[in-house]
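J.: This is the structure I have questions about; it appears just below.
Derivation of every value follows stated rules applied to the coordinates shown; laboratory data play no part. Here the structure is a predicted model, which is why all the values come from computation and not from measurement. Quick reminder, even Gly has a Cβ in these numbers, built from the backbone with ideal geometry, and neighbours come from all protein chains shown.
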Amino acid sequence: MKAKRKRNTNVKRNQRKEEGIQRIEVHIIVLHCNNDKLLLQLLLHNQASHYPFVFYIEKCGLYVCFFVICVLFVFETLIHNYYWFNSNFYNRLSYENSSIEQALEQISTYTSNDRSRQRVLLHILQKWTDFTLQHYIRYWIAYGTLVGYVHHHALLPHDSNIDLFIMAQDTSQLVELCQQNFSSSYELKIHPQWYLVEQTKRSYFYSERIDFIAPNARFINSKDNLYLNIWPIYDYNPNEARIKKNSTAMLTAYDKNYQWKSSPKEWTFPLRECRFSGMKVWCPAESEKLVADIYGQISVNMSSKTCVNGS
């Protein structure tokens, strides 16, 4: 009996040698190469369970081993990045929502509809800043949005939109990106005649939902019908036939009456990063000077708008 048992043991041992396979169950990639075969055993972790994957490659060689290691490394990296991205995306989304709610607490309301409108506008601005960071788009806040920043670094209570500037020639960059799939709620609309400087030469394109002519583009929340205006600013004055030599560098944009108004370039550049309703946005170098230049010195300290109760 002992001889028979020993003979069976030797037979099984010889069979394993012929197969050339050695199974090692550990929690990393294990390679075992012999003259005939390669064994790879990979155990992936997913919370409470393990998923073994066993691969056999005939006629293993050094290059084959190296190639397989590289493939598995890429595979593991993709899985890790997928779960890391989704986890961080939802964590960030939760953080952004809480930050916006905190910012709203610092903004006054005068009617029952103010808070919902303010919330949507801040979400539009957040979406826009994410978009510009991703595609390296240069912009800075302008007009009423800049007034809100000068007053209390936040959205004005009565604002119905967000305003910002881009250099007119940079609109071409937006044209290339306007087909981007933002989400079902957002869309970037570029005026088809953005290259025409005078708004009086532009037309409305209602069939394309272009119901604006002065801004070059709009970033729209189509669900709530609120938007961010993207205004052009030029490094020359459209009213002047030629640029004067040895003159101060100027930037020109519409004033509050849609007339061309120039200001020193140094009031805008270099742009500086600033906090607006808790968000990082780009502001001009001399915000107060630009607000005073467009709306008058009194607007630096108080809004030109008054509420129905006089506050």
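J.: Go through the stretch 251-264 residue by residue and turn each phi into a ³J(HN,Hα) via Karplus (6.51, -1.76, 1.60, θ = phi - 60°); whole Hz please, and just put x for glycine and proline.
T.: 10, 10, 8, 5, 8, 5, 9, 6, 10, 5, 9, 9, 9, x
J.: How many nm separate the modelled label positions at Tyr234 and Glu208, each set 7 Å beyond the Cα in the direction of the Cβ?
T.: 2.1
J.: Could you calculate the contour length gain from Thr111 to Ser172, that is, 0.36 nm times the residue separation minus the distance between their Cα atoms, to one decimal place in nm?
T.: 18.0 nm
J.: Give a residue-ordered list of calculated ³J(HN,Hα) values for the stretch 137-154 (Karplus: 6.51 cos²θ - 1.76 cosθ + 1.60, θ = phi - 60°; whole Hz; x for Gly, Pro).
T.: Taking θ as phi minus 60°, the curve returns 9, 8, 8, 7, 6, 8, 6, x, 5, 5, 4, x, 5, 4, 6, 8, 6, 7 Hz for the stretch 137-154.
J.: Roughly what percent of Cα-Cα pairs across the stretch 115-300 reach past 28 Å?
T.: Percent of Cα pairs beyond 28 Å in the stretch 115-300: 22.
J.: Per residue of the stretch 184-189, what does 6.51 cos²θ - 1.76 cosθ + 1.60 with θ = phi - 60° give for ³J(HN,Hα)? Whole Hz please, x for Gly and Pro, Karplus curve as stated.
T.: Couplings: 5, 9, 10, 8, 9, 10 Hz.
J.: Using a 7 Å offset from the Cα along the Cα-to-Cβ direction at both Ala285 and Gln193, what is the distance between the two label points in nm, to one decimal?
T.: That separation, rounded to one decimal, is 3.5 nm.
J.: Something else about it: Counting Lys +1, Arg +1, Asp -1, Glu -1, what net charge surrounds Tyr254 among other residues with beta carbon under 12 Å of its beta carbon?
T.: Neighbourhood net charge equals -1.
J.: Right, something else. Mind scanning Lys256/Lys289; Lys223/Lys256; Lys261/Lys289; Lys201/Lys256 and naming the pairs with a C-alpha gap bigger than 25 Å?
T.: Result: Lys223/Lys256 exceed 25 Å.
J.: Which FRET efficiency value, to the nearest 0.05, is calculated for Ile298 and Phe269 with the Förster distance at 22 angstrom and r the Cβ-Cβ distance?
T.: E(calc), rounded to 0.05, equals 0.25.
J.: Which FRET efficiency value, to the nearest 0.05, is calculated for Ser183 and Cys70 with the Förster distance at 35 angstrom and r the Cβ-Cβ distance?
T.: Efficiency, from the Cβ-Cβ distance: 0.45.
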